[in-house]
Every structure is written in C-alpha cells, then in structure tokens.
C-alpha cells in the first residue's frame, strides 16, 4: 500500500551534491489557484534559491526512526510551526544532523535549505510534514503517558453512561483487566489501535449522541469544543474514528466548513491507525480534503473511477446500484477542490469517467478538473441526444444569458468529446438539463455506458 500523497506533491526534484541517502531535494512550491506551482525563472528554467529535503521514497504516515530517543522524539513532536537550524544544533548538539537526516528519511520533516552555486546546500530550518503534524498531539499523549490507566478508563466509562448507543463500547472497556495498559478493545467499532484517538472518538460520540437524540444538530467546532476541550482538536484520525464509531459519515453527522470528498467502492484508506473502508461504509465514507491531500495509505482494487457532480445522484447510485462493487464512486461537491484533484492524480493507472449536469457548468466542471488532473476524463451520459430529449430546468433570464456566454466559450475550449454538447446548449440559448431529470434514462445503463470504449468513434446515443 503506497503513501497516497507525499511531501513532494506539486514539486520537482533538483539535483544537489552530497544529499543524504534516502533524501531528495525538491523545489519549494509557490501558491497558485490550481495548487502548488513550480518556481521558474523568466526563461521557464528551474533554478531555485531554496529547496526542501524530503523522503525520497513513499513511507508510512507515522513511523518514528529508531535513531531517536524517546526524549528526542518528544522534542521533535512539540514543534508547532518550524524550527531554525541554529536552535536545532543548540538543542541536539552533535546529534543534530543525524536526527534531522533520520527524520527526513522517515517522512517526518521537510528541511528547508538555501542553494549555493546551484549545486550545494545549507540547512536553514525544518518543519513537520503534514502527516506528522496531524498526529503529533495524539503521539505526544501516548509518549508522555497517563498516571493511572484504570482511572482513565473509569472516567471514559462514566462519560458513556447515559448513552445507550455506546453500551457495547462501555462493556468492552469494563471487560479489560484492571492494571492493564491503555489499549483499545480489539472488538471496538472505532477502527483505531491508538488510545488517544479512541478516547477522543468516544468522547465526541457520547456528546454527539446525547445532543442529536433530541433532533439537535451540531457544528464540527462546537462538538470539538465540548467533547475534546478545544474547537481545533479535530485531527484526520479522530474524525474518521468518530465516524466509524457512530456509523455515520462525518459530513452527515455535523455541520462544517471544510470540504468533504465522498467515496464508495473498493478502497481502504488508513491514517494514524484508523481505517476507512469505502466498501463497508453506509451509504459511503466521507474524507476531509486536507487529510486526503497530504497523508494516508490507500489500497484500491477498483477498475475505474466515476465522478458524479450532484449529491442526490451520488447517493442514488451508491444505494440503488451495484456499480460500487468494482468502480470507485466519488462526489466532491461540484467544482473540484485542490484536494480532489490531488487525490485523482494519485490514481494515475485507473481510467477516469464523469457524469455531470448537461449544462454549461457541467462541461466546465469536467474541463477544469481534467486540466488540473493532467489527463483526459471521459464524459458519461453527456451527449447531444440526451440533452435534446431532456427536460430543461427553469432559469432567470440573466442566469440563462450567462450560461449561454459560458457555453459559447466552451465550444472552443472544452474537450473534443464535449463540444457537440456545448454547441447544442448554445443553440438552446443557454438551457440545461440536471442529472436528476435523467435517472431513468441513465442510471440503469451506467455499467454499460462505462464499458464503452474510452474514445467512441461517433457521438454516443443515450444507450451507448
């Protein structure tokens, strides 16, 4: 199971002399509307003044190097933003370079360096990589230990007392031997082997069940502030373990501002000791974009990926077809986020297909995503025949005019397979058909549609 996305995402490798084994130098990305951009000079040459030294090969999300002592690992994990090289030398002395190299090789840090004469480098500072930063708090809790495991378990049992939905978890904790270490019960539904993640998930689930049983809905930050004693206490591992425990996708359980990617199909994603199985999740699993972008191990046995624009359509296909038995179904909330684009780039060996609304924005969504992923995405059920037959949704005159203008531009910029649809929308003066109006004509035939050659020789009919 390879690392889903590494610290080198969006960067280009740079050759420098004397790099440590297991490390490589990569460009420092510049922010851009489509994600990280590679720094270039006016002649488009890569000639960086700064680089980051990162792990050369994919590595687990968190595997501390054996070279570090317990106290050294604690000091590293307490790094909040970044640490200057001078302060690193002061704290670790003669072991500073050995420790830093071991952390780079383990994927724990990115070492920022100044480039000298185009071939040499001088270390300046370092920061924890996203996987390590995301897990730092939980790992510190485990390293620093708890004074009385029995008291900690008893407190957690009391926290669950008034929550019948967690009776199983409560009984599991009560069944553990007195005096034993803080370990997660093997039959727990939380899907984690880390006590700190488990404890946070149980506390959040207890509050969530108590508050939502009366019909109340909570925000993600509100729940964290009450259950975890801090509105910013959610980590990717805690989010997924909480969702496992309550049996509900995170984006359905709470209101939040972070974008979610919903998945259904033959994929298992794990991070920080927590596993999310997109085959077993009902009706799907939802993963936070930031978590998906930068950390996690993935095992995917899908024959291809189908992107679906609308939420209702995604749910209908998940619950009423068997397509997710071998296809990975993804809903990313309309226009693609950077996180979704990065996720799709990591599946470079799988064919990509998409079903969007038959309107100008549906074409633009697919066009922009294909550009950001860097390879073609085959449109499914997005053809002129279906559009001509379909029910056109009502629009305000100003909105229809804007859609007409967008369709006109897309007749020149959209992928060739979508230009006939763009022209049909222009002829219809900016009209559009929503996916929801085409369920009976498309959903029963999706498997056949996806089996068609990726580049059909002629425009497809509604059944091809």
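The values are calculated or read from the model by the stated rules, or taken from the named source; none is laboratory data. Bear in mind the structure is a predicted one, so any value in this text is a computation, not a measurement. Cβ: placed from backbone, ideal geometry, glycine included. Neighbour counts: every protein chain shown.
For residue 170, the stated conditions hold: it is touching a helix residue (DSSP H, G or I) at 6+ places or on another chain (Cβ under 8 Å), free of Cβ contacts under 8 Å to residues at least 24 places away in the same chain and in a helix (DSSP H, G or I). Restricted to strands (runs of 3 or more DSSP E) entirely inside region 217-294, those with at least 3 residues that are at pLDDT below 85 and under 22 Å from residue 308 (Cβ atoms) are 260-264, 267-271, 285-288.
Whether a residue is under 23 Å from the mean Cα position of the chain (by Cα), under 23 Å from residue 150 (Cβ atoms) and either outside any helix (DSSP H, G or I) or modelled with pLDDT of 90 or more (or both) was assessed, and residue 205 passes this test. Search region 213-231 for residues being free of Cβ contacts under 8 Å to residues at least 24 places away in the same chain and within 16 Å of residue 160 (Cα to Cα), and hand back the single one that is farthest from the chain's Cα centre (by Cα). Filtering region 213-231 for residues that are free of Cβ contacts under 8 Å to residues at least 24 places away in the same chain and within 16 Å of residue 160 (Cα to Cα), the one farthest from the chain's Cα centre (by Cα) comes out as 213. Every condition in (1) modelled with pLDDT of 90 or more; (2) within 20 Å of residue 136 (Cβ to Cβ); (3) in a loop (DSSP other than H, G, I, E, B) is met by residue 188 except one, and the failing one is (2). Applying the criterion of being without any contact (Cβ under 8 Å) to a residue 40 or more places away in the chain and exposed (fewer than 14 other Cβ atoms within 10 Å of the Cβ) to the residues of region 62-83, the residue that is nearest to residue 112 (Cα to Cα) is 80. Here residue 305 qualifies as modelled with pLDDT of 90 or more, outside the structural domain of residue 437 (by TED's automatic domain parsing) and buried (at least 19 other Cβ atoms within 10 Å of the Cβ).
Being in contact with a strand residue (DSSP E or B) (Cβ under 6 Å, 6 or more places away or on another chain), over 30 Å from residue 282 (Cβ atoms) and in a helix (DSSP H, G or I), is that true of even one residue in region 400-417? So far as region 400-417 goes, yes, one or more of its residues are in contact with a strand residue (DSSP E or B) (Cβ under 6 Å, 6 or more places away or on another chain), over 30 Å from residue 282 (Cβ atoms) and in a helix (DSSP H, G or I). Residue 390 meets the conditions (1) over 21 Å from residue 415 (Cα atoms); (2) assigned by TED's automatic domain parsing to the domain that holds residue 429; (3) modelled with pLDDT under 85 in every case but one. The failed one is (3). Residues in region 219-238 that are over 17 Å from residue 141 (Cβ atoms) and buried (at least 20 other Cβ atoms within 10 Å of the Cβ): 220, 223. For region 158-192, the set of residues classified as over 32 Å from the mean Cα position of the chain (by Cα) and buried (at least 19 other Cβ atoms within 10 Å of the Cβ) is empty.
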